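Working notes, structure below.
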Amino acid sequence: MTEPHLLPMPKGDSRLILSAGALLILLALLPLVAPAQAIDKLTQLGIYVLLAVMWNLLAGYAGLVSVGQQAFVGLGGYAMVRLVEAGLGPFPALVLAPFLVALVAWPLAWFVLRLRLGEFAIAMWVLAEVFRGLVMFDPLVQGETGTSVLALNAIDADTRRLAIYLLSLVAASAALAGSFVLLRGRLGAEAQAIRDDEEAAASVGVSTFRVKRLIFVAAAAGCALAGTLWLASAITFQPRTGFGIQWTVFMLFMVLTGGLGTFLGPVVGAVLLMGLQEAFGDFGAWYLFGVGALSVAFALALPGGLVGLWSARRGREPLSMRRQLGAREG
């Protein structure tokens, strides 16, 4: 008699995780030899990876397609501005602000998660515009003029650059590790069941609202952290930038080109986006148009993204969140 059991992680995946650990150590030591410009670019890449992981968690695994995640990016930056104005140091404010945004996202989820598909996507975009309008009424922000976190200027530029870089590296790594643990557990299995068929998931006892709310709030906090890291590197907060649609365009691009619903897709997409920015970033609005058009092209012609293409050729998805069953003698 045979009994089903979960197969252990493939050796290729174990080697990939070990390689990622070694890469993380090298990246942590890189500021000892790399020029300032390279560190700034890697900081930006870390922020992009964080954003992509959050959007993939939301849309790729829970089926919650949002075109308004810039709401939380902007709220994260604004919360940091307000905390610093209240007397908190800039780096403690950077860490605390995402928790405040999570507190906003928790009750907000009760309303938006009752909407379905396109309704949810549009509602999130509308909310982003509402938040932007409300923030602009704050006298501290001064409308579209914005404000600066002057306390950051009191910190030595090299020290500030190093701190922001290491924080972005830790944030991106924690997002990847946290999502891996989450998705390989019960919550991840429930989220993927909801994505595939919410009614069927509910019929077997999955608390669909609870699962979606937890992922929604986690994604909101992650996007807010990306917003605070971006503000720390830019110093100036402007509602047009903080709540700009470009954040969601970037998230869509990274996840769709890398591979929606794949673990490594966001990382691949973030690296691709950085490469395109270096090559075509000077084209301004046309560059953003090209990024959006390429996202649509991938969605239509290559829905699995680059990781999906690689998986189809190799016959296995690297670091897949799908658990495999085997049979053993009972």
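What order, most packed first, do the peptides 289-302, 195-208 have when packing is the mean number of other Cβ atoms within 10 Å of each residue?
289-302, 195-208
Tell me, what does the Kirkwood hydrodynamic radius of segment 181-330 come to in angstroms if you use every pair of distinct C-alpha atoms? Numbers along the way, then the final one.
On the way: mean 1/r = 0.0563 Å⁻¹.
Over segment 181-330, the inverse of the mean reciprocal pair distance is 17.8 Å.
Can you grab the distance from the C-alpha centre of segment 252-313 to the C-alpha centre of segment 29-99, Å, no decimals?
Cα centroid of segment 252-313 versus Cα centroid of segment 29-99: 20 Å apart.
With θ set to phi - 60° and the Karplus curve 6.51 cos²θ - 1.76 cosθ + 1.60, what are the ³J(HN,Hα) couplings of segment 215-220 in order, to the nearest whole Hz, using x for Gly and Pro?
6, 4, 5, 4, 5, 5
Modelling each spin label as a point 7 Å along the Cα-to-Cβ direction, I'd like the Ala202/Leu134 distance in nm, to one decimal.
2.8 nm
Thr236 accessible area, nearest 10 Å², 1.4 Å probe?
Roughly 70 Å² of Thr236 is accessible to a 1.4 Å probe.
Only Cα pairs within less than 10 Å get springs; with that Gaussian network setup on the chain, which residue of Leu162, Leu182, Leu117 has the largest fluctuation?
Largest GNM mean-square fluctuation: Leu117.
Could you work out the Kirkwood radius for segment 1-113, taking every pair of different alpha carbons, averaging 1/r and inverting it, reported in Å? Walk me through the intermediate numbers first.
Values: mean 1/r = 0.0558 Å⁻¹.
The Cα-based Kirkwood calculation yields 17.9 Å.
Against the longest principal axis of the chain, how steep is helix 265-280, in degrees 0 to 90 to the nearest 10, with axes from Cα atoms?
It is inclined by approximately 40 degrees.
Can you give the direction-averaged projected area of the convex hull of the alpha-carbon atoms in segment 138-234, in nm²?
Details: hull surface 35.0 nm².
Value for segment 138-234: 8.7 nm².
Note the full-extension length gain between Arg210 and Thr236 as 0.36 nm times their separation in residues minus their Cα-Cα distance, in nm to one decimal. Show your work: numbers first, answer last.
Numbers: separation 26, 0.36 × 26 = 9.36 nm, distance 3.67 nm.
Between Arg210 and Thr236, full extension yields 5.7 nm more.
Gain in length, Leu166 to Phe289, computed as 0.36 nm per residue apart minus the alpha-carbon separation, to one decimal in nm?
On the way: separation 123, 0.36 × 123 = 44.28 nm, distance 3.18 nm.
Length gained between Leu166 and Phe289: 41.1 nm.
Mind giving me the FRET efficiency for Leu115 and Leu300? R0 is 30 Å, r the Cβ-Cβ distance, nearest 0.05 is fine. Numbers along the way, then the final one.
Numbers: r = 25 Å, r/R0 = 0.84.
It comes to 0.75.
Show the residues, 5+ positions off or on another chain, whose built amide H is closer than 5 Å to the amide H of Phe237.
Thr147, Ser148, Val149
For Ala154 and Ile122, calculate 0.36 nm times their separation in residues minus their Cα-Cα distance, and state this gained length in nm to one decimal.
7.4 nm
Using the Cα gyration tensor of segment 195-236, with a ≥ b ≥ c the square roots of its eigenvalues, what is the shape: rounded (a/c below 1.5), prolate (a/b larger than b/c) or oblate (neither)? Don't skip to the answer; put the middle values down first.
Working: a/c = 7.73, a/b = 4.44, b/c = 1.74.
Prolate shape, in that a/c is at least 1.5 and a/b is the bigger ratio.
Taking a probe of 1.4 Å, how large is the accessible area per residue of the chain, in Å²? Spell out each step's value before the answer.
Numbers: 16120 Å² over 330 residues.
That works out to 49 Å² for each residue.
Kindly provide the pair-distance distribution of segment 132-183 built from C-alpha pairs, with 5 Å bins from 0 and whole-percent values in order of increasing distance.
All Cα pairs, binned at 5 Å, distribute as 4, 17, 12, 12, 11, 18, 16, 8, 1 percent.
Helix 246-258 against the longest principal axis of the chain: what's the angle in degrees, Cα atoms only, rounded to the nearest 10?
For 246-258 against the chain, the angle is about 30 degrees.
Take the chain, connect every pair of alpha-carbon atoms lying under 10 Å apart with a spring to form a Gaussian network, then pick out the residue of Gln37, Gln277, Gln69 with the largest mean-square fluctuation.
Residue with maximal mean-square fluctuation among Gln37, Gln277, Gln69: Gln37.
With each label point set 7 Å from Cα along the Cα-Cβ vector, what nm distance links Leu18 and Leu309?
About 3.0 nm separates the two model spin labels.
List the chymotrypsin sites (Phe, Trp or Tyr not before Pro) within segment 102-140 that fall in a DSSP loop (any state other than H, G, I, E or B) and whose Cβ has at most 11 other Cβ atoms within 10 Å. Don't skip to the end; give the middle numbers.
Numbers: sites: Trp110, Phe111, Phe120, Trp125, Phe131, Phe137; in loops: Phe137.
Sparse-neighbourhood loop chymotrypsin sites (Phe, Trp or Tyr not before Pro): Phe137.
Which shape class applies to segment 53-194: rounded if a/c is under 1.5, otherwise prolate when a/b exceeds b/c and oblate if not, where a ≥ b ≥ c are the square roots of the Cα gyration tensor eigenvalues? Before the final figure, lay out each step's value.
Details: a/c = 2.67, a/b = 1.35, b/c = 1.98.
Taking the square roots of the gyration eigenvalues as a ≥ b ≥ c, segment 53-194 is oblate.
The values are calculated or read from the model by the stated rules, or taken from the named source; none is laboratory data. It should be emphasised that the depicted structure is a prediction, and the values quoted were computed from it without experimental measurement. Neighbour counts run over all protein chains shown; Cβ positions are idealised from the backbone, glycine included. Ligands, DNA and RNA are excluded from the accessible area calculation, which covers all protein heavy atoms including side chains. Shrake-Rupley method; radii C 1.70, N 1.55, O 1.52, S 1.80 Å.
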